């Protein structure tokens, strides 16, 4: 019994670690993507980036078992997730073209709150009041950073909020597929759909790509491939409600990149909100560890 509990604890810790790493790489991808939104049409950005994402996906497939890792067992699940990835990709790249990086990412953080509720209803995962409280505190931290009324919340906010809702649904679909589909297969077919859908926009005219811009596309795709690998692994290793609060840590990465790349210095509101965000995630980790020790 203690071995089973210890294994579950290790899986939860690994899942949380994967979520933190995935959030970091995803923010790197978002920063590169925002950098390029003024130079290329959105369809071209998504299609070309998707082609480069296939490089790490195929590499992982080769290392983890070859063509067998791409076998489909849930056609419906793969199709639904592919549609959700195509939609959220377009909505978020539109948000990046309309608002600052940190603001766009902050507004997507309604997603963990939605995900916690969906995990309880759709996945039947136990979600106690301690975890609900931690998620709400993290969301409060996001609200503190946004400061409603300061000009951040506008019509463009509809795009990242749409990403938040559909992203939570995507995570639930991913969690339902973890017993039958490999991480590589989930990534492969979702990005194959992105390439297929947005390559059709070439008929409306794509801009030529220079050598340095091609290097940015390559970096963008490689980093995004790593991000999705870790995020899907996180959902495979542990419950969606356990890792949901750790999505908030992505906001810390966004603030750091905003300062380094664009000179955006976080003010006192941002610092207070960041403390609430990180604190909520650390509280969940501490509580999960204590509860598993008590059960053991």
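Brief remarks follow.
- Residue 202 vs. criteria part of a helix (DSSP H, G or I), over 24 Å from residue 100 (Cβ atoms), within 14 Å of the chain's Cα centre (by Cα) and touching a residue at least 12 places away in the same chain (Cβ under 8 Å): no
- Any hit, the stretch 183-192, residues being over 16 Å from residue 26 (Cα atoms), modelled with pLDDT under 90 and either crowded, with 20+ Cβ neighbours inside 10 Å or in contact with a strand residue (DSSP E or B) (Cβ under 8 Å, 6 or more places away or on another chain) (or both): yes
- Boolean, residue 169 is closer than 23 Å to residue 119 by Cα, crowded, with 23+ Cβ neighbours inside 10 Å, modelled with pLDDT of 85 or more and out of contact with any strand residue (DSSP E or B) (no Cβ under 6 Å at 6 or more places or on another chain): no
- Some residue of the stretch 196-219 being farther than 18 Å from residue 36 by Cα, surrounded by 20 or more Cβ atoms within 10 Å (Cβ to Cβ) and modelled with pLDDT of 95 or more: yes
- Residue within the stretch 59-76 that is at pLDDT below 90, within 30 Å of residue 262 (Cβ to Cβ) and assigned to a loop (DSSP other than H, G, I, E, B) present: no
Okay, residues lined up against (1) touching a helix residue (DSSP H, G or I) at 6+ places or on another chain (Cβ under 7 Å); (2) without any contact (Cβ under 8 Å) to a residue 40 or more places away in the chain:
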| site | (1), (2) |
| --- | --- |
| 26 | yes, no |
| 34 | yes, no |
| 46 | yes, no |
| 67 | no, yes |
| 90 | yes, no |
| 94 | yes, no |
| 97 | no, no |
| 109 | yes, no |
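- Set side by side, the residues 80, 28, 85, 53 differ, and just one is surrounded by fewer than 20 Cβ atoms within 10 Å (Cβ to Cβ), at pLDDT 90 or above and within 18 Å of residue 174 (Cβ to Cβ), which is 80.
Matching residues to (1) out of contact with any helix residue (DSSP H, G or I) (no Cβ under 8 Å at 6 or more places or on another chain); (2) part of a loop (DSSP other than H, G, I, E, B); (3) modelled with pLDDT of 85 or more; (4) crowded, with 18+ Cβ neighbours inside 10 Å:
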residue	(1), (2), (3), (4)
226	no, no, yes, yes
235	no, no, no, yes
260	yes, no, no, no
272	no, no, no, no
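- Taken over the stretch 119-155, residues that are over 25 Å from residue 268 (Cβ atoms) and either modelled with pLDDT of 80 or more or part of a helix (DSSP H, G or I) (or both) amount to 8.
- In the set (1) modelled with pLDDT under 95; (2) part of a helix (DSSP H, G or I), residue 38 fails one condition alone, (2).
The values are calculated or read from the model by the stated rules, or taken from the named source; none is laboratory data. Only a predicted model underlies this, so the values are computations on that prediction, with no experimental measurement involved. Note that we place each Cβ from the backbone using ideal geometry, even for glycine, and neighbour counts take in every protein chain shown.
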